[in-house]
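The structure appears right after this line, and notes come after that.
The values are calculated or read from the model by the stated rules, or taken from the named source; none is laboratory data. Since we're looking at a predicted model, the values are computed, not measured. Please note: Cβ atoms are built from the backbone with ideal geometry, for glycine as well, and neighbour counts cover all protein chains shown. Accessible surface is based on the protein model in full, side chains and every heavy atom, while ligands, DNA and RNA are left aside. Shrake-Rupley method; radii C 1.70, N 1.55, O 1.52, S 1.80 Å.
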Amino acid sequence: MDHEAFPGPLGETVAGLSLVDHHAHGALRGAVDRPTFESMITEGPRPHSAGTAFDSQVGFAIRRWCAPLLDLPAHAPPDEYWARRSELGQEEVNRRLLGAAGTATYLIETGYLGDAVLTPEEHAEVSGAAAREVVRLETVAEGLLGQVDSGRDFVAEYPSVLEEASRLAVGTKSIIAYRAGFDVDPQRPDDAEVVQVVDRLFGAASGAVRVADPVLLRYLLWCGVDRGLPLQLHSGYGDPDLDLHRANPLLLMPWLRQVEPTGVPVMLLHNYPYHREAGYLAQMFDNVYFDVGLGLFYSGSQSVQIVAESLEVAPFTKQLYSSDAWGPSELHLLGAQLWRRAISRVVGQWVHDGEWALGDAERVLHLIGHENARRVYRL
Ligand SMILES: [Zn+2]
């Protein structure tokens, strides 16, 4: 990797890091039109009427860092970028951008719009990286709900179906924050309660059942704890249909007190704008880890500040790198590129000021860039 992009005393170290991206999704499988692409570079529910999605930090970052990889000058205008991207085709764009990210291993969550993006195997092939799977608890439940016809059968079968679905996975993931919020009852619901809820859902539903009931979501969460793999929780920013204030990870404290004795690692994903809260929880709970993915590419040049804030109170052994990219491979590239730039600038300044020793700074880059993930997920 070109270390010109990472000036300062840590430039070479950061350029050479083989990252583990502990939370990502596959790159786009096929070509999309420009409105679709623009809708994929914002979390908003629809393209906003005030102009193009390129007029944002992520849009500017795409033009700065991705354009040269498509043989254009840095900062090429959106129309030129789009024309060149279309000319090269999705496969070639994926090959170039994923190849340049310098990510050695992706942990890929397969539960979200899986048909539109590459499978973990395909993503690995095109990026030249390794890929391991993370299984979404709610997706497994929705699959099972399509096969059984009573709450009793659902409760009897879910744990073994989850076991089988995650046989080769390195982690599980819950989206309880999207569907209910973290301010739910922290207790494990008893089986009779879950049976009742599922029977009621079957009674009311025509067609596929969507898992959104808080009792059912809590049941799945506790089944995730029982499964014993690192359990990822979507937290903070990242979906138009969530009530953001209910996705503040501090609301999880009563639940975390119950889970901590199990030793199951709880991985708080992305967290923005609650990354400081997540860092606090990582200090308070032995089994809590966090990342600042997603916030990095959406904040572009301002990601330096988010990375600085992520290094306030959290132990350096409790933070992981992630992109949380989904779809356009620009996002996989930017996650890595902007994190490398931000951390080398933030920590490099402390080395420059004589506050940190160079050797300690290099060690922290390795911890967050890949070692913490390899230890926690046993990669
Ligand atoms: Zn995600």
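The rows are residues; the columns are (1) modelled with pLDDT of 95 or more; (2) within 15 Å of the ligand (Cβ to nearest atom).
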| residue | (1), (2) |
| --- | --- |
| G111 | no, yes |
| E122 | yes, no |
| A130 | yes, no |
| E133 | yes, yes |
| L137 | yes, yes |
| L144 | yes, no |
| E157 | yes, no |
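Give segment 297-345 a look and list any residue that's within 15 Å of P273 (Cβ to Cβ) and in contact with a strand residue (DSSP E or B) (Cβ under 9 Å, 6 or more places away or on another chain), or say none.
Result: S310, D324.
Looking only at segment 156-215, filter to residues that are open to solvent by less than 60 Å² (accessible area, probe 1.4 Å) and over 26 Å from the mean Cα position of the chain (by Cα); which one of those is nearest to Q232 (Cα to Cα)?
By that ranking, first place goes to P189.
Which helices (runs of 4 or more DSSP H) sit wholly inside segment 37-139 and have at least 1 residues that are open to solvent by less than 20 Å² (accessible area, probe 1.4 Å) and outside the structural domain of R341 (by TED's automatic domain parsing)? Please lay out each step first, then the result.
Working: elements: 57-61, 78-88, 90-100, 120-127.
In segment 37-139, 57-61, 78-88, 90-100 are the helices (runs of 4 or more DSSP H) which contain 1 or more residues that are open to solvent by less than 20 Å² (accessible area, probe 1.4 Å) and outside the structural domain of R341 (by TED's automatic domain parsing).
Just one of R257, R246 is away from the ligand (no atom under 15 Å from the Cβ), at pLDDT 95 or above and of a type in the set (K, R); which is it? Steps first, please.
On the way: R246 fails: at pLDDT 95 or above.
Just a single option satisfies the conditions, and that option is R257.
Just the residues that are open to solvent by 60 Å² or more (accessible area, probe 1.4 Å) and assigned to a helix (DSSP H, G or I), please, taken from segment 351-361. Show your work before the answer.
Let us first name the residues in segment 351-361 that are open to solvent by 60 Å² or more (accessible area, probe 1.4 Å), namely 352-355, 358, 360.
Correct list: H352, L358, D360.
Please identify the pairs in which a residue from segment 252-273 that is more than 16 Å from Y377 (Cα to Cα) has its Cβ atom under 8 Å from the Cβ atom of a residue that is within 16 Å of the ligand (Cβ to nearest atom) and open to solvent by 10 Å² or more (accessible area, probe 1.4 Å), counting only partners at least 6 apart or on another chain.
H270/Y237; H270/G238; H270/D324; N271/Y237; Y272/Y237; Y272/Y298; P273/Y237
Name the residue that is surrounded by the fewest Cβ atoms within 10 Å (Cβ to Cβ), counting only residues in segment 315-332 that are charged (D, E, K, R) and away from the ligand (no atom under 15 Å from the Cβ).
The residue in question is K318.
What do you reckon, is D239 within 30 Å of H370 (Cα to Cα), touching a helix residue (DSSP H, G or I) at 6+ places or on another chain (Cβ under 6 Å) and either at pLDDT below 95 or of a type in the set (D, E) (or both)?
For D239, the condition - within 30 Å of H370 (Cα to Cα), touching a helix residue (DSSP H, G or I) at 6+ places or on another chain (Cβ under 6 Å) and either at pLDDT below 95 or of a type in the set (D, E) (or both) - is met.
Is it true that some residue in segment 224-235 is among the acidic types (D, E), surrounded by fewer than 20 Cβ atoms within 10 Å (Cβ to Cβ) and assigned to a helix (DSSP H, G or I)? Before you say what the answer is, go through the steps one by one.
Applying the first criterion (among the acidic types (D, E)) to segment 224-235 yields 226.
Now drop any that are not surrounded by fewer than 20 Cβ atoms within 10 Å (Cβ to Cβ), which leaves 226.
Checking the rest, the ones that are also assigned to a helix (DSSP H, G or I) come to 226.
Scanning segment 224-235, I find at least one residue that is among the acidic types (D, E), surrounded by fewer than 20 Cβ atoms within 10 Å (Cβ to Cβ) and assigned to a helix (DSSP H, G or I), so the answer is yes.
Out of G300, G293, report the one residue that is part of a loop (DSSP other than H, G, I, E, B), modelled with pLDDT under 95 and buried (at least 19 other Cβ atoms within 10 Å of the Cβ).
Values: G300 fails: part of a loop (DSSP other than H, G, I, E, B).
So the residue among G300, G293 that is part of a loop (DSSP other than H, G, I, E, B), modelled with pLDDT under 95 and buried (at least 19 other Cβ atoms within 10 Å of the Cβ) is G293.
Search segment 76-95 for residues that are within 18 Å of L334 (Cβ to Cβ) and in contact (Cβ under 8 Å) with a residue 60 or more places away in the chain and pair each with any residue that is in a helix (DSSP H, G or I) and open to solvent by less than 20 Å² (accessible area, probe 1.4 Å) when their beta-carbon atoms are under 8 Å apart and the residues are at least 6 apart or on different chains.
If the second residue must be in a helix (DSSP H, G or I) and open to solvent by less than 20 Å² (accessible area, probe 1.4 Å), the pairs left are V93/L70; V93/R85; V93/S329; N94/S127; N94/S329.
So, of the residues in segment 17-41 that are under 14 Å from I62 (Cβ atoms) and of a type outside the set (A, V, I, L, M), which turns out to be farthest from the ligand (Cβ to nearest atom)?
The extreme case among them is R34.
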